[in-house]
Amino acid sequence: MSETHDSKPRPKNRKRWRRWLGRTAVLLVILLAVSVGVFGILAQDHIRSLWSFRRVPNTNMYVMDYYGSYIIRGLYQDGVDLQDIPGSLIRNFFPRPQTSREPATKFAHLRKKMEKARIMSKIGKKK
């Protein structure tokens, strides 16, 4: 009895796997095409900028045209804080959730150098 059971071909099972593989492949191709299209739309200005890269004749210089926004609306509306220039640029160019981490890590090494320079300038003025 087991010999007859093992000798039976299973065409339905093979067709099912082929159908499943075919549908999966079509789905992956569609997903890839949509992803490439979305990336192309989102990065259109960056791609145009990179394609404009060219060499200036008879020199070792290169030129590239920038296409896109400079994201300066925030600087135009709020201005630049002259006491905290890096902070105002960070708040303008990065999204709000990232700027919440900014005060702890923001340019700590520059603050130390600026304090040292202020102390040195005060010492220089006293003499």
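Any read-out appearing in this document is the output of simple, stated calculations on the displayed coordinates, not a laboratory observation. In this text, all values refer to a predicted model and were calculated from it rather than measured experimentally. For neighbour counting, all protein chains shown are included, and Cβ atoms are generated from backbone atoms with ideal geometry for every residue, glycine included.
Quick notes on this one:
- VAL80/ASP45 FRET efficiency (R0 25 Å; Cβ-Cβ; nearest 0.05): 0.55
- Computed FRET value (nearest 0.05) for ARG14 with VAL36, which takes r as the C-beta separation and R₀ as 30 Å: 0.35
- Local electrostatic count, TYR66, Cβ distance below 14 Å [Lys/Arg +1, Asp/Glu -1]: 0
- Rounded to whole numbers, the Karplus 3J(HN,Hα) couplings from phi for the range 16-33 are 5, 5, 4, 5, 5, 5, x, 5, 5, 5, 5, 4, 5, 5, 5, 4, 5, 5 Hz, using 6.51 cos²θ - 1.76 cosθ + 1.60 with θ = phi - 60°, and x at Gly and Pro.
- On the basis of the beta-carbon distance and an R0 of 25 Å, MET120 and PHE94 show a calculated FRET efficiency of 0.15.
- Length gained when the stretch LEU21-ARG54 is fully extended (0.36 nm per residue, less Cα-Cα span): 7.3 nm
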